Amino acid sequence: MKIQTPRGNNIVTRVDDLINPVDSTWDADLVQSIFWGVDASRILQIPITSGREDCVAWHYNRSGMFSVKSAYHGQWKRTFGARLNMAQGGSVSNVQVWKNLWKLQVPGKVKIFGWRALQGLIPCRAILANKHIINEGACPVCRNGAEDIKHIMFTCDRVRAVWKSIGVWEKINSLLETDRSGSIVLEEVIRRGEQIHGLGIVFAELMLTGGWLLWWERRQFVHGENIQSPSRSGLSIISLAKNYKLATKQESRLRQGWRKPPENFLKLNRDELGGMVAATNTYIPHLVDAPMAEAFALKEGIMLDQHIGGNRIIVQSDCMDIVEIMRNGGFTANSAAAIYDESHTVWCGFQEISIEHCNRDANQVAHELARRALYTKENCIWDDDPLVSSWMRCRMM
Ligand SMILES: [Zn+2]
């Protein structure tokens, strides 16, 4: 949560000063007099508990707790994020290039090749000569021009012959009309995301798979090995690109639905036989952020279980943050800390309780209930009659 109100102009320096010491609630008048309306209402929505020790919160992680992973991401963004924006003018269309690149249906090594080509990181002779690593930058294959990214992917005599053999040279040639570097041409191809009719593949997929294969053949050639004819290379490129697409198409994702809990256990949201025991939904009109909504849902869930007298429960959530926080004893340093504290107190009252992560497919009932809450804007608990009929009643009203 980021405060919009400008700093300074008041004597309050600590959050503690905004809390009424008598009943440990926000001093609403004070908060409203110091902060702009938008900030004041968000601050007042943050639940607080008395007697909680101060702690250091790490804002790169949603739980407010430090992790090496989040530190790495923070540092990466700091080092490369700015450079990425600077180098590319920060425009949306350039971000689109990277998005398109990672979405292409080509093997990982081909994507990496694409990334390196866009960054100018292919060790072509002209690039190495520019860096004074070698003396000569000419193309070892055709001896007709400097070996740079444009040359190895588009303009080398052999490469032209390959592209001509599979009928895409005209398309490439039109991209080469203006004088641009190979990386920029490639960027254009990826940004456009054009399909090749009849082949069922994206033009960029063909270009990158081709670029990767041609670069590999070039390495073979330099090391004195025989390489196939341009037309055979062309066929290899098409079959590589098409086969990969076909292979990934057949790979269907395994659907992991709901699984029943062991005997004598209740699963938050169904019992061991798969029958409905109780359900609840709550409409929360104002929320600071998504983690707080997740924390609310957890609290409501385990309080419902307490309400119906469940003693052994397995909580399932599709939110990994919740699972991790509750496994760590419910301690967190984010804005939902007070709700977790409360949940943890209820949690400790169960004879046996555990939490596990499930994917969204296993959670459809919960999503339906959430949709219902949004639609009716009211709170409901079903602990006697089956949900379906009450739900239908609600809908018919
Ligand atoms: Zn050449």
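The values are calculated or read from the model by the stated rules, or taken from the named source; none is laboratory data. Just so it is clear, the model here is predicted, and its values are computed rather than measured. Here the Cβ is made from the backbone with ideal geometry for all residues, glycine too, and neighbour counts use every protein chain on show.
Taking the range 16-50 as the range and being of a type outside the set (Gly, Ala, Ser), under 20 Å from THR332 (Cα atoms) and exposed (fewer than 12 other Cβ atoms within 10 Å of the Cβ) as the test, only ASP16 passes.
Looking only at residues in the range 155-180 that are under 19 Å from PHE113 (Cβ atoms) and within 16 Å of the ligand (Cβ to nearest atom), the one that is surrounded by the most Cβ atoms within 10 Å (Cβ to Cβ) is VAL159. State all residues of the range 100-124 that are assigned to a helix (DSSP H, G or I) and either at pLDDT below 90 or touching a Pro at 6+ places or on another chain (Cβ under 7 Å) (or both); if no residue qualifies, say none. The answer is GLN119, and nothing else.
A Cβ distance below 8 Å, combined with a sequence gap of six or more or placement on separate chains, defines the contacts here; from the range 151-167, residues that are outside the structural domain of ARG125 (by TED's automatic domain parsing) reach no residue that is more than 10 Å from the ligand (Cβ to nearest atom) and at pLDDT below 95. Of all residues in the range 149-206, those that are over 27 Å from the mean Cα position of the chain (by Cα) and part of a loop (DSSP other than H, G, I, E, B) total 14.
Residues that are part of a loop (DSSP other than H, G, I, E, B) and of a type in the set (D, E, K, R) do not occur anywhere in the range 34-50. Considering the range 33-79 alone, what residues qualify as being more than 30 Å from ASN9 (Cβ to Cβ) and among the aromatic types (Phe, Trp, Tyr)? Residues satisfying the conditions are PHE66, TYR72, TRP76.
Confirm whether ARG218 is modelled with pLDDT under 80 and either assigned to a helix (DSSP H, G or I) or farther than 21 Å from ALA161 by Cβ (or both). No: the conditions fail for ARG218. Look at TRP98 and say whether it is farther than 25 Å from VAL222 by Cβ, away from the ligand (no atom under 16 Å from the Cβ), loosely packed, with under 13 Cβ neighbours inside 10 Å and not basic (Lys, Arg). No: the conditions fail for TRP98.
On inspection, GLU188 fails the criterion of being within 15 Å of the ligand (Cβ to nearest atom), over 20 Å from TYR244 (Cα atoms) and modelled with pLDDT under 95. When residues in the range 129-148 are screened for being away from the ligand (no atom under 12 Å from the Cβ), out of contact with any Asp or Glu (no Cβ under 9 Å at 6 or more places or on another chain) and among the aliphatic types (A, V, I, L, M), 2 of them pass.
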